[in-house]
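Okay, structure first, notes after.
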Amino acid sequence: MINDIRERLQQQISQLIIALDGIVKTTGMPIITDKSGNPLWVDVREITLRYQIPVKKIQKFFEGLKEGKVLATKCPKCNTIYFPPQDDCPKCKMSNLEWVEMPNEGELVAYTIINVKPPSFSHYSDYIIGIAKMANGVNITAWVNSKEVKIGMKVRLKVIRREPEGYITYELEPI
Ligand SMILES: [Zn+2]
């Protein structure tokens with residue numbers, strides 16, 4: 001499944017590069033017009049970057065997702081809640097923080113609609129990224145699964161499977 005997506009993205013990039021040839025021939029510059037009508041410089045040099053992130057210290061977070069829970073860490077000394085979770089409190093210079101469940105209700109405080117996507121996200125329809133202030137006062141950044149969005153909108157934090165990759169992750173949806 002993931003390999004299919006990768007191949008599809010590669011095909012789209014190849015098509016773009018072919019189209020770019022024609023544009024450079026006629027205009028002398030690799031500048032295309034994006035979906036919003038804005039000029040976009042498309043660099044011909046390509047950087048391949050695949051993140052591999054050690055997650056041992058936050059393994060509980062992924063175990064939580066599998067159980068449908070979104071977990072954060074909490075410093076037992078200063079009570080700061082960290083989300084995304086981290087295992088160290090820089091204020092107290094402490095490790096091995098406690099795990100706590102994030103509340104599932106909050107309020108949308110900011111959002112942006114992504115209609116010009118980076119090539120690696122080009123297989124998604126336009127999507128909304130939002131920041132919600134959750135009931136414990138902690139902000140969470142996530143995709144917002146909603147046709148309409150409004151600042152101040154009540155949202156629910158939900159564990160979902162994001163297609164087409166099939167990843168288990170979390171998102172916000174209107175209540
Ligand atoms: Zn602390």
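Of all aspartates and glutamates in the structure, the ones whose alpha carbon falls short of 15 Å from that of Lys66, not counting any fewer than 8 places away in one chain, are Glu101, Glu171.
Normalised by the number of residues in segment 55-101, the mean separation of alpha-carbon contacts (under 8 Å, six or more apart) gives a relative contact order of 36 percent. Loop-located trypsin sites (Lys or Arg not before Pro) in segment 88-175 (DSSP state other than H, G, I, E, B) with a sparse environment of at most 12 neighbouring Cβ atoms within 10 Å: Lys91, Lys93, Lys147, Lys150.
Under the rule a/c < 1.5 gives rounded, and otherwise a/b versus b/c splits prolate from oblate, where does segment 2-41 land using the Cα gyration tensor? Note, shape of segment 2-41 comes out oblate. In this structure the amide hydrogen of Glu105, modeled in the peptide plane, comes within under 5 Å of the amide hydrogens of Ala135, Leu157, none closer than 5 places in sequence on its chain.
Taking the fewest neighbouring Cβ atoms within 10 Å as the starting point, the ordered list for Phe62, Phe83 is Phe62, Phe83. In the elastic network of the chain, a GNM with C-alpha springs shorter than 10 Å, the most mobile of Gly68, Gly130, Gly28 is Gly28. For segment 1-80, the set of GluC sites (Glu not before Pro) satisfying both a DSSP loop assignment and a count of at most 13 other C-beta atoms within 10 Å is given as Glu46, Glu67. In the chain, the alpha-carbon atoms span a convex hull of 153 Å³ per residue. The relative contact order of segment 56-175, computed from alpha carbon pairs under 8 Å that lie at least 6 residues apart in sequence, is 22 percent. Loop-located trypsin sites (Lys or Arg not before Pro) in segment 33-89 (DSSP state other than H, G, I, E, B) with a sparse environment of at most 10 neighbouring Cβ atoms within 10 Å: Lys35, Arg45, Arg50.
In summary, the lysines within cross-link reach of Lys150, defined as a Cα separation below 28 angstrom excluding same-chain residues under 8 places away, comprise Lys35, Lys69, Lys117, Lys133, Lys158. Result for the chain in a Gaussian network model with C-alpha springs under 10 Å: among Val109, Val44, Val144, the largest mean-square fluctuation is at Val44. If you average the C-alpha positions of segment 83-109 and of segment 111-152 separately, how far apart do those two centres end up, in angstrom? So the separation of the two Cα centres works out to 21 Å.
Amide H of Ile160 versus every other amide H placed in the peptide plane: which residues, excluding those fewer than 5 positions away on the same chain, fall under 5 Å? Long-range HN contacts for Ile160: Thr169, Tyr170, Glu171. Summing +1 for each Lys or Arg and -1 for each Asp or Glu among the other residues whose beta-carbon sits under 13 angstrom from that of Gly137 gives 0.
Just so you know, all these numbers are worked out from the coordinates, no wet-lab data involved. This is a predicted model, so every value here is computed, not measured. Note: ideal-geometry Cβ built from the backbone for every residue, glycine included; neighbour counts use all protein chains shown.
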